[in-house]
Amino acid sequence: MSDATHSEVQPYEAQFSDYMELLKPGVMRLVVFTAIVGMVVAPVPVHPVIAIASMLCIAVGAGASGALNMWWDRDLDAIMQRTKDRPIPTGRVAPGEALAIGLALSGFSVMMLALFANPMAGAWLAFTIFFYVVVYSMWLKRLTAQNIVIGGAAGAFPPLLGWVVATGSISLEPVLLVALILLWTPPHFWALALWRNDDYKAAGVPMLPVTRGERVTRRYIFGYTLLLIPVALAPSFTQIGGGLYFAVSLLLNIMMLLGAWQLLRRREADRDADNFRAEKRFFGFSIIYLFLHFMMLLVEATLRAFEISLFALPIWY
Amino acid sequence: MAIHPGHELHSRRKGRNVAIGLLLGGFVAMIFAVTIVKLSKPQNVDINAPNYSTNIGENE
């Protein structure tokens, strides 16, 4: 036997880009962005080298949980239109390989973050990975229509991770940021699920529009938007917020509420007539909504660093 | 059988190997940079240092 025969049984060699895709780079970008904001707004300055190293660890940790999620959900991914081109369903990466990469990178990122920043940050990263992979992917995603609410929690932790990297402890401000992403996720994702309903139905994932129908989903979107508003405005009155954040947040929340109200009032005929135009718009706007909230926190932190105060608000915490 | 250095397998895996090599090199560089930063903190203000002192100022 020669080594030439060996190459024939392996028709496709996984490339580096396939492994990168396994780490969900899109999600990673969002995680890193919110983690950076959490770190920058914290009252303790972080050395740039430690900051970069810590952010890399958080990015790799997020990627590792993405790989583990793809390993676990490979049966669903193969069915759903949105995910059928992922590395495992297309056969570019073997399931066992994804599992190994996910586990190895999880362990690595947690250990390195504990060493680079502090043990508390490492522990929170470990908890985040556990929560996303075990609690969300393995346990609740296929069990309950509130899966997005739970999954949102895993996606909500990065700003807290950033904060803990800087301070080594937890305070009200990062908890508010976690709550902001947590309550933002359901309306954001359910708007998507409304027009991706058939996809989830085919895969048997109990998304809210599948189990409870469209009307209930629209009511839930509106309800969660109502819950979201006070949480989104609350950071204005802490040390990380300020007048500028408040003004922008108020505007964004009014627009979000109007969007949710519009979705609530739409009937089947409306969405058939314009092919889910309002739902798609609401979904798109919700991304801008979250992004601008975090951007404004960065702006406020910059203003504070230069000791500029545009218009002061009372600080309640 | 020996695997020849010029085997097609090597060219096929080249991109992947180079990328992993760069990644590992970057990792080493990062550990080095973090080490320099951590060790260049004055010992008496570094809470993790063995000779950390809580009464800074009194000694000076």
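The values are calculated or read from the model by the stated rules, or taken from the named source; none is laboratory data. It should be emphasised that the depicted structure is a prediction, and the values quoted were computed from it without experimental measurement. Glycine gets a Cβ as well: all are built from the backbone with ideal geometry, and neighbour counts include every protein chain shown. With ligands, DNA and RNA removed, areas are computed over all heavy atoms of the protein, side chains included. Shrake-Rupley method; radii C 1.70, N 1.55, O 1.52, S 1.80 Å.
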Of the trypsin sites (Lys or Arg not before Pro) in region A:75-107, those whose Cβ has at most 16 other Cβ within 10 Å and which sit in DSSP loop: A:Arg82, A:Lys84
Modelled FRET efficiency - R0 30 Å, A:Leu292 with A:Val44, Cβ distances, 0.05 increments: 0.75
Debye intensity ratio in log₁₀ form over the Cα atoms of the protein assembly as shown, taken at each q of 0.06, 0.15 Å⁻¹: -0.29, -1.35
Where B:Lys38, A:Lys201, A:Lys24 fall by accessible area, highest first, once all protein chains stay in place (1.4 Å): A:Lys201, B:Lys38, A:Lys24
Surface accessible to a 1.4 Å probe, A:Asp75 within the full protein complex, Å²: 80
Proximal lysines to A:Lys141, defined as alpha-carbon separation beneath 26 angstrom and excluding residues fewer than eight positions away on the same chain: A:Lys24, A:Lys84, A:Lys201, A:Lys280
Solvent-accessible surface ranking, highest first, for A:Leu103, A:Leu113, A:Leu140 at 1.4 angstrom: A:Leu103, A:Leu140, A:Leu113
Projected-area mean, region A:104-152, by convex hull of Cα positions, square nanometres: 3.5
Alpha-carbon centroid distance for the pair region A:180-218 / region A:28-87, whole angstrom: 23
Cut-off 11 Å between beta-carbons: net charge of the residues surrounding A:Glu21, Lys and Arg +1, Asp and Glu -1: +1
FRET efficiency for A:Arg142 and A:Trp195, using Cβ-Cβ distance with R0 set to 22 Å, rounded to 0.05: 0.55
Alpha-carbon centroid distance for the pair region A:263-317 / region A:219-253, whole angstrom: 9
Protein accessible surface hidden between A and B, which excludes ligands and nucleic acids, total in Å², probe 1.4 Å: 1700
Net lengthening on full extension, A:Glu307/A:Val134 (0.36 nm per residue, minus Cα-Cα): 57.9 nm
Residue-level accessible surface for A:Tyr132, protein heavy atoms, 1.4 Å, Å²: 50
Accessible-area order (highest first, 1.4 angstrom probe) of the listed residues A:Arg267, A:Arg29, A:Arg74, A:Arg215: A:Arg29, A:Arg267, A:Arg74, A:Arg215
